[in-house]
Amino acid sequence: MNTELLEIRDHMARFPPFDGLDDDLIDEVAGSVDVAYFKAGSMILEADRELHDLCYIRSGAVEIYRRNNDLYNRLGEGDVFGHFNLLRNNRVRFPARAMEDTLIYFIPDSVFYQLCETDDAFAEFVEVEKPRLQATVEAQHKSNDLMSTRVRKLVNRLPLLLETDATAQDAAARMTGENVSAALVVEPAVDADSVIYTGADGRQWALRGILTDADLRVRLVAEGLPGTTPVSQLHSGTLISIQSDETVQEAMLSILRNNVQHLPVLHRRRPIGLLHLSDIIRYETQSSLYLVGSILNQTTLRGLAGLRHEVSVAFTRMVRDGSDSKVIGTALAAIGRSFARRILELAEEELGPPPVPYAFMVLGSMARDEQTVVTDQDNAMVLSDDYDPEQHGEYFATLAKRASDGLAACGYAYCKGEIMATNPEWRQPLGIWRRYFTEWIDNPTPEALLHCNIFFDLDCVHGEEQFVEALQGLIANKAPLADRFLAAMARNALNRTPPLGFFRTFVMEKNGHENKSINIKRRGTAPAVDLIRIHALACGSRAQNSFERLDDIAKTQLLTPNAVEKLRYALEFMSMARIWHHLYDVEAGREPDNNIEPEDVSNSERHNLKDAFQVLSNAQSFLQFRYPRP
C-alpha cells in the first residue's frame with residue numbers, strides 16, 4: 001500500500017464507523033476513495049441531485065441543511081454524511097455546504113452497500129436514523145441489565161394479604177407460616193382514597209399499607225400491646241410501590257430514595273408481588289444498597305468515618321458494571337443522605353430530643369440525586385416557627401456543628417462558601433426561609449440569583465419533611481409567574497458556556513493547572529443543569545433531579561420534544577464522561593477532579609462530547625429568546 005493510501009487508511013481507522021472494521025475491509029475502503037477539495041461556502045451536495053458516494057470529512061467543517069434551508073447539523077473531521085440518501089433513493093435529502101476549506105473522501109456506494117452487508121456494527125451506525133450522541137447513550141443503556149430487566153421477573157410469588165381487622169397474632173402466625181417478613185394490608189373498598197383493585201373474588205379492595213416484622217416489634221411488642229390489636233393500628237400507612245413493567249433500576253432507585261426495605265409490585269392497581277431489599281441486591285452488584293444499610297447500623301461517628309473508603313468502592317463497581325449517571329448519582333446521594341441522617345440521629349441521642357421540630361435539608365447535587373465522588377457539603381436547617389433563639393439557639397448551633405463535622409469526617413468537605421447549617425444565616429425558622437425565597441424571586445439581584453442556583457435544589461433528609469415541602473411549593477407557585485425573575489435567571493445561566501470554538505473545536509481552560517483541559521463540570525454539566533432548572537421553574541415543576549425535570553418540561557410547550565430529548569442525551573453523555581474521568585483518577589490513586597484533556601479521550605468520545613456541547617450551546621441560545629426581559 002502506497003504512502004497516500006496508508007495515510008487515508010490510518011485516518012479513517014480512527015473514527016466511527018470505520019474504527020470497528022477489520023484490516024481487510026478498511027484496506028478496501030481506503031483503496032476505493034476519491035478525494036475532492038471544496039472552498040469555504042461552496043456546495044458539496046445539492047438538493048435532489050443524484051448521489052452515489054458516502055462522504056467522509058478528512059479536514060474542515062460542513063453544514064447540513066434541511067429542505068427548507070434550516071440548519072440541521074454541523075460536522076467536523078472524521079464525520080460522515082450522505083448515508084441516509086444512499087439508503088433511500090440515491091437522491092440528496094440534506095444539502096451540504098463547506099463552512100471552511102474542506103477535504104472530502106468519497107466512498108463509492110458499491111463499497112458502502114458491501115460494508116452494510118458484511119459488518120453489522122457499520123450497518124447499525126448508518127441505518128439507525130438517530131443522532132450519533134443518542135445512539136451512543138442508548139447503546140450504553142442496553143448494555144446494563146438493570147436498565148432492561150423488568151421488575152416482574154423478580155416476582156416469584158403472590159403477596160400475603162391481610163385485612164385491616166386481622167389481629168396482630170393472626171398476622172404473625174400467617175407471616176411465619178408463609179415465611180415472609182411483610183404483608184400488604186387491604187380492606188373492602190368504600191371510597192377512592194387508596195389504591196383500588198378487583199380481587200380474585202371479584203370484589204373491590206383498597207390497598208391500605210404494609211405490615212412488616214419491624215412494625216410488629218416496634219409498634220406492638222415494644223409498646224406492650226396485646227396480640228389482639230388489629231393490624232390497622234400497626235401497619236405503615238405510607239405505601240411506596242412500583243409497577244410491574246418498570247425496570248429493576250427503577251426499583252433500586254425507589255428503595256434508595258425512600259429508605260424502605262419492601263416494595264409492593266402492582267400490575268396496574270392489583271398487587272402481584274412484594275419485593276424485599278435482598279431481591280434487588282441479587283441484581284444490584286454495586287454494593288450501594290449494602291453500604292446504605294451499613295451506614296444506618298453504625299453506632300458511633302468513628303464507625304461511620306470508617307466507611308468513607310467504601311463509597312469509592314461502591315462508585316467504582318457501579319461504573320464498571322455499566323450503570324448510567326442517574327443510577328450512580330442517586331446511589332451516591334442516598335449514601336450521602338444516609339451519612340447525614342445517621343450523624344444527626346447519633347447527635348440527638350447525645351444532646352437529647354430537639355426542643356422544637358426542625359428539618360435538615362441538603363442542597364445542590366445531593367438534593368438532585370446527581371452526586372459524584374467529587375463533592376462538598378451544602379446543607380441548611382429549617383426550624384419551627386416556635387423557635388426561640390435564646391431558648392433553643394445553642395442546641396441547634398451545636399447540632400449543626402455535629403452534622404457538619406461528622407460529614408467532613410465521612411469525606412464530605414466543608415463548603416468553602418459557608419453554605420452549611422453551621423452558618424446562622426442558613427439556620428432559620430420556616431417563616432424566615434419563606435421570606436428569603438420570596439425576596440430572591442421578587443428582587444433577582446446577582447446575589448439572589450446565586451442563592452437561587454444553590455437553594456432551589458433542596459430535599460429533606462431528616463426531620464419534618466413538610467417544612468421543606470412548603471418551600472418547594474412556594475417556589476413552584478411563585479416562579480412561573482415571575483417573568484423578571486426567569487429572565488434574570490436565563491441571563492445569569494449564559495455566564496458559563498460550553499467549550500466550543502467557531503468551527504466546533506474545543507476551547508481550553510486558560511487558568512493555571514487546568515491549561516490544555518476542559519472542566520467538564522463548569523463548562524458542561526453545570527450549565528446544562530442550570531438551564532434545565534430555569535425551564536423547570538417556568539413550568540412549576542417540583543422535581544429536583546434534572547432528568548425528572550426534563551420529564552415535566554416535556555409535558556409543556558416550553559421546549560419541543562426533540563429539544564428535550566437532545567438535552568437528555570447530552571446531559572447523560574457529559575455526566576458519564578465526567579464520571580469515567582473520576583473513575584480513572586480513583587483507580588490511579590489521584591485526587592479526582594473535573595478537568596478532562598481532549599487528547600486523552602478516544603476520537604469517538606471527542607466527537608460525542610462536541611455533539612453534546614453543541615446541544616448545550618443551542619439550548620443556551622434559545623434561553624434569551626424564551627425568557628426575554630419584561
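Observations on the structure shown:
- Accessible area expressed per residue, the stretch 487-626, with surrounding protein chains retained (probe 1.4 Å, Å²): 43 Å²
- Net +/- balance of residues flanking Gly273 in space, Cβ distance below 11 Å, scoring K and R +1, D and E -1: +3
- Solvent-accessible surface of protein heavy atoms, probed at 1.4 angstrom with all chains present, puts Tyr105, Tyr72 in the order Tyr72, Tyr105, largest first.
- Every helix of 4 or more DSSP H residues in the chain counts as -39500 (n - 2.57), and over all residues that averages to -14000 deg cm²/dmol at 222 nm.
- Kirkwood Rh in Å, taken over the stretch 154-245 so that all alpha-carbon pairs contribute: 13.8 Å
- The label point for Glu439 and the one for Asp101, both projected 7 Å from the Cα toward the Cβ, are 6.0 nm apart.
- DSSP finds beta bridges in the chain, and of those with both partners inside it, around 85 percent are antiparallel.
- Between helix 109-118 and the chain there is an angle of about 40 degrees, using the helix long axis and the longest principal axis of the Cα atoms.
- Projected-area average for the stretch 35-92 over all orientations - Cα convex hull basis, square nanometres: 4.0 nm²
- Counted charge near Leu86, where neighbours are those whose Cβ lies closer than 11 Å (Asp, Glu -1; Lys, Arg +1): -1
- Calculated FRET value between Ala408 and Asp386, using beta carbons and R₀ = 30 Å, to 0.05: 0.50
- Computing Rg and the Kirkwood Rh from the Cα coordinates of the stretch 1-119 gives a ratio, Rg/Rh, of 0.96.
- Residues of the stretch 207-227 with an amide N closer than 16 Å to a point placed 7 Å from the Cα of Leu161 along the Cα-to-Cβ direction: 207-211.
- Take the Kirkwood radius over Cα pairs of the stretch 338-423, plug it into Stokes-Einstein at 4 °C and 1.567 mPa s, and you get 97 µm²/s for translational diffusion.
- Per residue convex hull volume, Cα atoms of the stretch 210-294, in Å³: 108 Å³
- Each residue was assigned an accessible area with a 1.4 Å probe, and for His309 the value is about 120 Å².
- For the stretch 288-481, the convex hull spanned by the alpha carbon atoms encloses 116 Å³ per residue.
- Estimated FRET transfer efficiency when R0 is 56 angstrom, pair Asn259-Phe625 (beta carbons, to 0.05): 0.85
- Cα-Cα over 23 Å, subset of Lys326/Lys416; Lys521/Lys610; Lys478/Lys555; Lys516/Lys610; Lys401/Lys478; Lys416/Lys478: Lys326/Lys416; Lys401/Lys478; Lys416/Lys478
- Chain lengthening between Ser59 and Ala588 when straightened (0.36 nm per residue, less Cα-Cα): 186.9 nm
- Mean separation of Cα contacts under 8 Å (6+ apart) over length of the chain, as relative contact order %: 10 percent
- Listed residues Met574, Met43 arranged by accessible area, highest first, probe 1.4 Å: Met43, Met574
- Selection from Val601, Gly540, His582 lying farthest towards where the dipole of the stretch 487-626 points positive, charges on Cβ: Gly540
- Accessible surface of the chain, 1.4 Å probe, proportion on carbon and sulfur as whole %: 47 percent
- Reduced Cα scattering model of the chain, Debye log10 I(q)/I(0), q = 0.06 Å⁻¹: -0.41
- The accessible area of Ile255, taken with all protein chains in place and a 1.4 Å probe, comes to roughly 10 Å².
- Distance between the pseudo-spin-label points of Asp120 and Asp70 (7 Å out from Cα toward the beta carbon): 3.6 nm.
- Take the Kirkwood radius over Cα pairs of the stretch 572-629, plug it into Stokes-Einstein at 4 °C and 1.567 mPa s, and you get 99 µm²/s for translational diffusion.
- Asp34-Glu127 FRET efficiency (beta carbon distance; Förster radius 25 Å; 0.05 resolution): 0.60
- Given their separation in residues at 0.36 nm each and the Cα-Cα distance between them, Ser42 and Glu178 gain 41.3 nm when the chain is fully extended.
- The stretch 288-481, dipole about Cα centre (Lys/Arg Cβ +1, Asp/Glu Cβ -1), debye to the nearest 20: 700 debye
- Note on Ser604: accessible area is roughly 40 Å² with a 1.4 Å probe, heavy atoms of protein only.
- Mean separation of Cα contacts under 8 Å (6+ apart) over length of the stretch 487-626, as relative contact order %: 32 percent
- The alpha-carbon positions of the stretch 487-626 define a convex hull whose volume is 119 Å³ per residue.
- What you get for the chain, charging only the Cβ of Lys and Arg (+1) and of Asp and Glu (-1), is a dipole of about 1180 debye around the Cα centre.
- With Cα atoms, 0 to 90° folded angle of helix 389-409 axis to the chain main axis: 50 degrees
- Relative contact order %, the stretch 288-481, counting alpha carbon pairs below 8 Å whose residues are six or more apart: 26 percent
- Stretching the chain fully between Asn562 and Gln204 yields a gain of 124.7 nm (0.36 nm per residue, less the alpha carbon separation).
The values are calculated or read from the model by the stated rules, or taken from the named source; none is laboratory data. These numbers were taken from a predicted model, which means no experiment stands behind them. Positions of Cβ are backbone-derived with ideal geometry, glycine not excepted, and every protein chain shown enters the neighbour counts. Keep in mind that these areas ignore ligands, DNA and RNA; they rest on the heavy atoms of the full protein, side chains included. Shrake-Rupley method; radii C 1.70, N 1.55, O 1.52, S 1.80 Å.
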